[in-house]
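Novice: Got a structure here, written out as structure tokens. Questions coming.
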Amino acid sequence: MKKILYTIAALLLSMTVNSCGEDWLAVQSHDKIYIDDYYTTPDRIMEALVAAYDPLQWFDYGLGTYNPIPFIYEVMADDFYPGGSNNKDMETWHLMFDYKSISTNTPSTVWGVAYSGINRSNCVAKYMPDVQGIDEKLKAEYLAEAAVLRTWYYAQLWKLWGNIPYYEVNLEFPYICPQSTADEVYASMEKALADVIASDALPMKRTASTEIGRVTKAMAMMLYADIVMYHGKEQAHLQNALNYMEPIIESADYALVSSAELANMWEPEGEWSSESIFEINYTDLEAVRSWNGPLVSGGTAVPQILGARNLEGSAKYMKTDCYGFFPMTTMAAAAFEEGDLRKDVTIYRPDSEGAKYEARYQDTGNFIAKYAPRADGNARRLGGDPQLNFNNNIRIYRYAETLLNAAELIVVHNCSGKGSADAYLNEVRTRAGLGTVSANAETLLHERHVEFMGEGKRYWDLIRLGQAASVLTPSNDEGGYRTKAWTESKKYLPFPQSEMDATASTQYPLTQNNY
């Protein structure tokens with residue numbers, strides 16, 4: 001389907017990460033509209049909402065370095081190596097892989113991008129009271145969208161760092177606030193999402209081509225289940241999560257693509273399929289994203305980052321100077337059962353078609369097919385740099401996860417539901433060409449592993465289901481690159497040193513995580 005091209009209004013670009021506006025913006029002018037006077041119409045507040053979506057596209061390359069979601073999550077699990085040219089190439093990822101992260105070498109741009117998104121999301125609520133003539137239903141929808149986006153940005157920070165500063169009203173000078181505990185952040189996110197869902201201000205699914213990519217009620221429900229299942233401590237919230245999965249299943253708005261369509265689900269024509277609940281939109285069509293201007297609409301750098309370098313002889317994937325990051329382990333390939341249709345959709349081996357490539361560090365011959373650079377995958381650029389403008393949406397939530405969430409909530413977390421955990425699990429397995437099994441913690445973890453490989457779920461699944469300490473060990477790394485085992489103290493990364501320094505002499509200095 002046609003993608004929405006999110007653009008940043010020029011006035012919005014003037015906003016800082018920490019504030020919607022400064023005191024000097026109140027100065028009167030005869031020939032300028034200052035930002036506090038700008039958002040006074042429905043069209044203009046829509047611009048503020050669009051600006052809140054923009055940072056979704058910046059994680060791959062937005063603030064001077066690469067930190068692509070979902071692969072910075074995958075590299076802490078067991079299916080991917082950091083790769084690149086050597087263990088100093090994107091050293092941040094090598095340190096994350098080996099659980100040796102330090103405050104001066106963390107994925108700090110994730111921090112900056114996420115707080116940019118939080119800032120912009122908060123601006124929608126800040127300026128909404130000044131908007132004249134806006135329909136009350138539309139107003140509620142915009143506020144709900146902004147709240148969900150803000151929570152999604154916070155969820156990325158919360159999972160990586162835990163005890164983060166949390167605020168729903170943008171900070172004023174000197175732009176500091178108390179550090180919240182991970183449980184306090186969780187409580188705030190859970191309430192924000194529960195309120196949005198209860199408001200019924202969002203549609204379950206967007207159907208108009210001009211709205212594909214906007215937040216939906218189903219996306220809010222999936223995000224709720226995501227954070228509640230990861231937290232895993234509040235039975236009432238886990239029951240709520242199941243109560244939210246069931247309306248998505250019952251709505252008939254979403255469905256698994258067929259076994260025959262599975263091979264195309266990761267192609268451009270498979271974007272926003274019946275299975276997709278939320279994707280981050282990218283396109284190469286007239287894309288202008290460049291090294292000098294990466295914070296504009298366009299394509300993604302993910303295929304450039306992880307593709308096979310100088311590939312020759314492939315019928316499907318392009319020859320390009322890809323960087324060869326995130327090669328897949330041989331154990332990842334071995335995780336699939338015989339006859340699983342997902343294996344060839346997930347893993348690409350150049351030798352399977354007689355293709356050749358330039359092997360890079362930690363090469364295994366296995367590459368993630370879901371985001372590999374397709375032939376002509378960035379051919380429709382208007383003038384941007386090709387490396388940043390591949391035509392691949394990043395999938396965040398799919399209906400397969402709805403089904404597996406529901407099954408897990410019933411059988412692992414003892415929630416009471418309308419459907420059968422076995423039926424939900426086996427609907428996913430049958431689509432993959434496999435036989436039925438009984439749903440339990442082991443079978444559900446396996447199914448999530450192979451279904452969402454390369455989608456950033458595995459690491460968090462291992463932690464929340466209590467398997468990280470036994471799975472993420474040097475003995476389970478056939479390449480011998482992992483020298484340290486995951487422990488509970490590795491759950492939260494060290495805060496970026498720049499943030500520690502910025503708050504050190506303030507009223508609320510950050511307390512460093514014990515990593």
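The values are calculated or read from the model by the stated rules, or taken from the named source; none is laboratory data. Quick caveat: nothing in here was measured; it's all calculated off a predicted structure. Cβ sites come from the backbone with ideal geometry, for glycine too, and all protein chains shown count toward neighbours. Side chains are part of the model used for accessible areas, which takes the heavy atoms of the whole protein and leaves out ligands, DNA and RNA. Shrake-Rupley method; radii C 1.70, N 1.55, O 1.52, S 1.80 Å.
Novice: Among the residues of the stretch 36-51, what is the count of those that are open to solvent by less than 10 Å² (accessible area, probe 1.4 Å) and under 15 Å from N119 (Cβ atoms)? Give the derivation first.
Specialist: Taking the stretch 36-51 and keeping what is open to solvent by less than 10 Å² (accessible area, probe 1.4 Å), we get 39, 45, 48-49, 51.
So of that shortlist, the ones also under 15 Å from N119 (Cβ atoms) come out as 39, 48-49, 51.
Residues flagged as open to solvent by less than 10 Å² (accessible area, probe 1.4 Å) and under 15 Å from N119 (Cβ atoms) within the stretch 36-51 amount to 4.
Novice: Looking only at the stretch 365-378, count every residue that is more than 18 Å from the chain's Cα centre (by Cα), in a strand (DSSP E or B) and buried (at least 24 other Cβ atoms within 10 Å of the Cβ) and tell me the total.
Specialist: 1
Novice: Any idea which of (1) open to solvent by 20 Å² or more (accessible area, probe 1.4 Å); (2) of a type outside the set (F, W, Y); (3) in contact with a Lys or Arg (Cβ under 7 Å, 6 or more places away or on another chain) is the one A198 doesn't satisfy?
Specialist: All conditions pass for A198, except number (3).
Novice: Considering only residues that are among the small types (G, A, S) and more than 30 Å from L160 (Cβ to Cβ), which ones fall in the stretch 224-268?
Specialist: Applying the first criterion (among the small types (G, A, S)) to the stretch 224-268 yields 225, 232, 236, 241, 251-252, 255, 258-260, 263.
Result: S251, A252, A255, S258, S259, A260, A263.
Novice: Can you name the number of the only condition in (1) within 24 Å of S274 (Cβ to Cβ); (2) in contact (Cβ under 8 Å) with a residue 60 or more places away in the chain that Y230 fails?
Specialist: Unmet for Y230, out of (1) within 24 Å of S274 (Cβ to Cβ); (2) in contact (Cβ under 8 Å) with a residue 60 or more places away in the chain: (1).
Novice: With among the charged types (D, E, K, R), under 22 Å from Q156 (Cβ atoms) and surrounded by fewer than 21 Cβ atoms within 10 Å (Cβ to Cβ) as the only criterion, which of E279, E250, E234, E269 stands out?
Specialist: Going through E279, E250, E234, E269 in turn, just one is among the charged types (D, E, K, R), under 22 Å from Q156 (Cβ atoms) and surrounded by fewer than 21 Cβ atoms within 10 Å (Cβ to Cβ): E234.
Novice: Sticking with this one: Pairs please, first residue from the stretch 426-444 and in contact (Cβ under 8 Å) with a residue 24 or more places away in the chain and under 11 Å from L404 (Cβ atoms), second anywhere and open to solvent by 50 Å² or more (accessible area, probe 1.4 Å) and β-branched (V, I, T), Cβ atoms under 8 Å, 6+ apart in sequence or on different chains.
Specialist: Correct list of pairs: A439/V411; L444/V411.
Novice: While we're here: Identify, please: which residue in the stretch 238-254 is touching a residue at least 24 places away in the same chain (Cβ under 8 Å) and over 16 Å from A407 (Cα atoms) and is, among those, nearest to the chain's Cα centre (by Cα)?
Specialist: Y254
Novice: Is it fair to say M90 is of a type outside the set (G, A, S), within 30 Å of K484 (Cα to Cα), modelled with pLDDT of 95 or more and out of contact with any helix residue (DSSP H, G or I) (no Cβ under 8 Å at 6 or more places or on another chain)?
Specialist: Numbers: of a type outside the set (G, A, S): yes; within 30 Å of K484 (Cα to Cα): yes; modelled with pLDDT of 95 or more: yes; out of contact with any helix residue (DSSP H, G or I) (no Cβ under 8 Å at 6 or more places or on another chain): yes.
Yes.
Novice: Aliphatic (A, V, I, L, M) and open to solvent by less than 20 Å² (accessible area, probe 1.4 Å): does that describe L171?
Specialist: Working: aliphatic (A, V, I, L, M): yes; open to solvent by less than 20 Å² (accessible area, probe 1.4 Å): no.
So L171 fails the test.
Novice: Any residue in the stretch 107-118 that is closer than 12 Å to P496 by Cβ sitting within a Cβ distance under 9 Å of a residue that is among the acidic types (D, E) and part of a helix (DSSP H, G or I)? List the pairs, counting only those 6 or more apart or interchain.
Specialist: S108/E499; W111/E499
Novice: Filter the helices (runs of 4 or more DSSP H) completely within the stretch 379-467 down to those with at least 1 residues that are farther than 22 Å from T329 by Cβ and open to solvent by 10 Å² or more (accessible area, probe 1.4 Å).
Specialist: On the way: elements: 399-411, 421-431, 441-451, 458-464.
The qualifying helices (runs of 4 or more DSSP H) are 399-411, 421-431, 441-451.
Novice: Taking the stretch 237-281, which residues are under 24 Å from K343 (Cα atoms), assigned to a helix (DSSP H, G or I) and of a type in the set (D, E, K, R)?
Specialist: E269
Novice: Next question, about the same structure. When the residues of the stretch 300-313 are narrowed to those that are open to solvent by less than 30 Å² (accessible area, probe 1.4 Å) and assigned to a strand (DSSP E or B), which ends up nearest to N378 (Cα to Cα)?
Specialist: Residue satisfying both the conditions and the ranking: T300.
Novice: From the list A260, A287, pick out the single residue that is more than 17 Å from the chain's Cα centre (by Cα), of a type in the set (G, A, S) and loosely packed, with under 15 Cβ neighbours inside 10 Å.
Specialist: Just one listed residue meets the conditions, A260.
Novice: So, in the stretch 314-361, of the ones that are part of a loop (DSSP other than H, G, I, E, B) and of a type in the set (A, V, I, L, M), which residue ends up nearest to L472 (Cα to Cα)?
Specialist: Ranking the qualifying residues of the stretch 314-361, first place goes to A335.
Novice: Restricting to the stretch 201-231, what's the tally of residues that are at pLDDT 95 or above, open to solvent by 50 Å² or more (accessible area, probe 1.4 Å) and outside any helix (DSSP H, G or I)?
Specialist: 1
Novice: Just checking, how many residues over the stretch 475-515 are of a type in the set (D, E), crowded, with 16+ Cβ neighbours inside 10 Å and in a loop (DSSP other than H, G, I, E, B)?
Specialist: Number satisfying all stated conditions: 1.
Novice: Are any residues in the stretch 169-182 touching a residue at least 24 places away in the same chain (Cβ under 8 Å) and within 24 Å of the chain's Cα centre (by Cα), and if so, which ones?
Specialist: Selection gives V169, N170, Q179, A182.
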